Amino acid sequence: MSRAHIMEEIKLMRFEEDYGSCKKKKLTQEQAAMLLGVSDRTFRRYIKRYEEEGLEGLLDKHLNSPSHRKAPVDEVMQVENLYRDRYQGFNARHFYRKYSKEHGGKRGYTWVKNTLQAKGLIIKGKKRGRHRKSRPRSPYPGMMLLQDGSTHEWVKGKKWDLIVTMDDATSEHSSMFLVYGQGKPLLAYP
């Protein structure tokens, strides 16, 4: 059972409790709506549907109907059989090229890859390492100073570079100054 189905079951149980408390005058509709996490108007709609259709009226119709975007079973089977019979051992990218060019496949690469992975025909690749690995900060103040600059329109119509020098250990700014571009100081703050 999916998370959405579980949440819907919980909503139905809570609604029944709150509806019963409203009928016994223990709660107002506003209080019951607040407990359910919906507006007063939505709670009144729930009551109307519940009284007309019972709990079935409160079910989310989208959860129980198949997706219009879902691929037909025969298409999934065709891709699975094609891979098993003719292209066993191909990786997802190579198989996708054959599937789309030679067999007229209309689905996208990601769909083909996910379908083959779901059937256990292609194993998921190892997750790659992070592009930028964080390094530990320097242990002592003053041991490493970082200097960086950025160009910005600090005054309307004039673009200057702000150069900042910062201590790696404490993040303390030791100097900041503006320059016209490559060099030439404008203002300095020691």
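The values are calculated or read from the model by the stated rules, or taken from the named source; none is laboratory data. Everything numeric in this text was worked out from a predicted model, so none of it was measured. Note that we place each Cβ from the backbone using ideal geometry, even for glycine, and neighbour counts take in every protein chain shown.
Here GLN78 fulfils each of the conditions (1) out of contact with any His (no Cβ under 9 Å at 6 or more places or on another chain); (2) part of a helix (DSSP H, G or I) apart from (1). Residues that are of a type in the set (Gly, Ala, Ser) and in a helix (DSSP H, G or I) within the range 1-15 comprise just one, ALA4.
The set of residues in the range 61-104 that are modelled with pLDDT under 90 and either touching a helix residue (DSSP H, G or I) at 6+ places or on another chain (Cβ under 6 Å) or surrounded by 10 or more Cβ atoms within 10 Å (Cβ to Cβ) (or both) comprises LEU63, ALA71. Of all the criteria given as (1) under 26 Å from the mean Cα position of the chain (by Cα); (2) in the same structural domain as TYR109 (by TED's automatic domain parsing); (3) in a loop (DSSP other than H, G, I, E, B), the one not satisfied by GLN88 is (1). Looking at LYS106, LYS159, LYS127, can you tell me which residue is in a loop (DSSP other than H, G, I, E, B) and over 27 Å from ARG69 (Cβ atoms)? Sole residue among the options that is in a loop (DSSP other than H, G, I, E, B) and over 27 Å from ARG69 (Cβ atoms): LYS127. Starting from residues that are free of Cβ contacts under 8 Å to residues at least 40 places away in the same chain and out of contact with any Ser or Thr (no Cβ under 9 Å at 6 or more places or on another chain), keep the ones in the range 109-118 and report whichever is surrounded by the most Cβ atoms within 10 Å (Cβ to Cβ). Result: LEU116. On inspection, LYS48 qualifies as of a type outside the set (Asp, Glu), assigned to a helix (DSSP H, G or I) and surrounded by fewer than 12 Cβ atoms within 10 Å (Cβ to Cβ).
If the condition is being in contact with a helix residue (DSSP H, G or I) (Cβ under 6 Å, 6 or more places away or on another chain) and in a helix (DSSP H, G or I), then the range 16-35 contributes ASP18, CYS22, GLN29, GLU30, ALA32, ALA33, LEU35.
Go through the residues of the range 150-160 one by one and say whether even a single one is surrounded by 15 or more Cβ atoms within 10 Å (Cβ to Cβ), modelled with pLDDT under 90 and on the phi < 0 side of the Ramachandran plot. Checked against the condition, which is being surrounded by 15 or more Cβ atoms within 10 Å (Cβ to Cβ), modelled with pLDDT under 90 and on the phi < 0 side of the Ramachandran plot, the range 150-160 yields at least one hit. Assigned by TED's automatic domain parsing to the domain that holds GLN78, of a type outside the set (Val, Ile, Thr) and either within 30 Å of the chain's Cα centre (by Cα) or surrounded by 13 or more Cβ atoms within 10 Å (Cβ to Cβ) (or both): does that describe ARG135? In short, no.
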